[in-house]
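The values are calculated or read from the model by the stated rules, or taken from the named source; none is laboratory data. Remember, predicted model here, so these are calculated numbers, not experimental data. Every residue, glycine as well, gets a Cβ built from its backbone with ideal geometry; the counts of neighbours run over all protein chains shown.
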Amino acid sequence: MNIKLFLLSIILSFALLLTSCVSVQVKDNTVSTISSEVKKPKNIILLIGDGMGLSQVSTAIYYKDGKPNFERFSTIGLIKTSSASDLVTDSAAGATVFSAGVKTYNGAIGVDKDTIPVPTIIEQLSKRGLATGIISTSSIQHATPASFYAHVKSRRMYEEITEFAPNSGVNFFAGGGLKFFNKRKDGKDLLAEMRAKGYEVIIDQLPKTPSEKHELILLAEDAMPKMSEGRGDFLPNATKLALEKLSKNEKGFFLMVEGSQIDWGGHNNDADYLIKELLDFDKTLGVALDFAKQNGETLVIVTADHETGGYSLSSDGSDYNKIKPSFSTTGHSGTMVPVFSEGPGASSFNGIFESIEIYHKMMALFNK
């Protein structure tokens, strides 16, 4: 071989090796590395089971009639969930980690530990022309959904949180929280403002087909009903509707779906409540996974902000053939929580890492 050609081949091989991965420096001095060989997704669906630890996930194995959708995931990791202020995080700090990529204090919504607003993934992607959506079985002003579009110092500032909605850039909202738009202490009519910003406001029932406009779907004054109170298939059907709408965007989309009341069942130490909400969430995973399988360009990520209740699937005394759910607290716990992923880029979520990495890994995949 010609010596010049030989040397050129070595140089090219070395250059290829150097460019084989992209590292993203994040704010806690850890590094997210996304291999350039990993196919990057056009779309990401992030499903958050609020308060969902591994025992909650295991519930689907014992109480679902049929194979759980959790078992369809090929990549599983674990995240550490402590906030900047406490060893045990709350949902506000826990969600702000996912939405804005900063560790912050318990109670913070879209702000850092100094109460300075931090741009959310939805705000950043909306500016780039991607479609975005938020779905929740709580009010859309509750800690987890609020953290994706609002910036306030306290999660209890529901009316202030709502004021961020008209200019949020979110194309699709679905959940509860109507009273914070039209029965406010300040007398403002934010439904009128939403309509002026191009939203179709729907307050009676979930539509069968998506609107050409942005959509604000508010089906409860505050939180949505429990599954035991007849909520039905709101969560899976709203997810299906959102996917039909958002997938029309040629640039891609980001959708956050929260199973809020898994957490509330844990706080209440009510196993029946928790189990019904978890199974509803598992059904919703099926909708997301079916879409992603058919679409081929969508990454599905499932995780939790923290575990609630110290939930355990214990044996019923010495009867090892009978499960008896139990709880160790009415609050949250500091246990690590699982991360399930499927689709292009899923391998990036393997292993054990800080919860802050969820945001940075998603952004690294979107930053092609």
- Item | Given (1) surrounded by 23 or more Cβ atoms within 10 Å (Cβ to Cβ); (2) farther than 20 Å from E307 by Cα, index of the condition G230 fails | (1)
- Item | Restricting the range 251-292 to residues that are in a loop (DSSP other than H, G, I, E, B) and in contact (Cβ under 8 Å) with a residue 40 or more places away in the chain, the residue that is surrounded by the fewest Cβ atoms within 10 Å (Cβ to Cβ) | K251
- Query: Given the residues S247, S260, which is the only one that is of a type in the set (S, T, N, Q) and touching a Pro at 6+ places or on another chain (Cβ under 9 Å)?
  - Reply: S260
- Task: Within the range 61-102, track down each residue that is out of contact with any helix residue (DSSP H, G or I) (no Cβ under 6 Å at 6 or more places or on another chain), basic (K, R) and touching a residue at least 60 places away in the same chain (Cβ under 8 Å).
- Result: K80
- Message: So for the range 69-84 (the condition being among the aliphatic types (A, V, I, L, M) and over 30 Å from M157 (Cα atoms)), does at least one residue qualify?
- Response: yes
- Name every residue in the range 36-78 that is among the hydrophobic types (A, V, I, L, M, F, W, C) and surrounded by fewer than 24 Cβ atoms within 10 Å (Cβ to Cβ), in order of residue number. V38, L46, L54, V57, A60, I61, F70, F73, I76, L78
- Message: If I ask for residues that are among the polar types (S, T, N, Q) and more than 12 Å from the chain's Cα centre (by Cα), which ones from the range 288-314 would you list?
- Response: Q294, N295, T298, T308, S312, S314
- Item | Hits in the range 347-358 - residues which are surrounded by fewer than 22 Cβ atoms within 10 Å (Cβ to Cβ) and at negative phi | S347, N350, I352, F353, E354
- Query: Filtering the range 266-287 down to residues that are under 17 Å from F254 (Cα atoms) and hydrophobic (A, V, I, L, M, F, W, C), which residue is nearest to the chain's Cα centre (by Cα)?
  - Reply: L285
- Query: Counting only residues that are under 23 Å from M157 (Cβ atoms) and in contact with a Lys or Arg (Cβ under 7 Å, 6 or more places away or on another chain), which one in the range 191-217 is surrounded by the fewest Cβ atoms within 10 Å (Cβ to Cβ)?
  - Reply: V201
- Item | Meets criteria (over 23 Å from F340 (Cα atoms) and either at pLDDT 95 or above or among the polar types (S, T, N, Q) (or both)) for S55 | no
- Query: Can you find a residue in the range 312-323 that is in contact with a Leu (Cβ under 7 Å, 6 or more places away or on another chain) and either buried (at least 21 other Cβ atoms within 10 Å of the Cβ) or of a type in the set (D, E, K, R) (or both)?
  - Reply: no
- Those residues of the range 71-89 which are of a type in the set (S, T, Y) and farther than 19 Å from I61 by Cα, in sequence order: T81, S82, S83, S85, T89
- Among helices (runs of 4 or more DSSP H) lying entirely in the range 150-211, which contain 1 or more residues that are under 21 Å from the mean Cα position of the chain (by Cα) and either without any contact (Cβ under 8 Å) to a residue 60 or more places away in the chain or under 21 Å from I122 (Cβ atoms) (or both)? 158-162
- Task: Determine which single condition A220 fails, assuming it passes every other condition in (1) more than 20 Å from the chain's Cα centre (by Cα); (2) surrounded by 22 or more Cβ atoms within 10 Å (Cβ to Cβ).
- Result: (2)
- Message: I'd like to know if the range 10-32 contains one or more residues that are charged (D, E, K, R), surrounded by fewer than 17 Cβ atoms within 10 Å (Cβ to Cβ) and modelled with pLDDT under 95.
- Response: yes
- Message: With the requirement that a residue be under 20 Å from D86 (Cβ atoms) and either among the acidic types (D, E) or assigned to a strand (DSSP E or B) (or both), what does the range 304-348 give you?
- Response: D305, E307, T308, H332, S333, V337
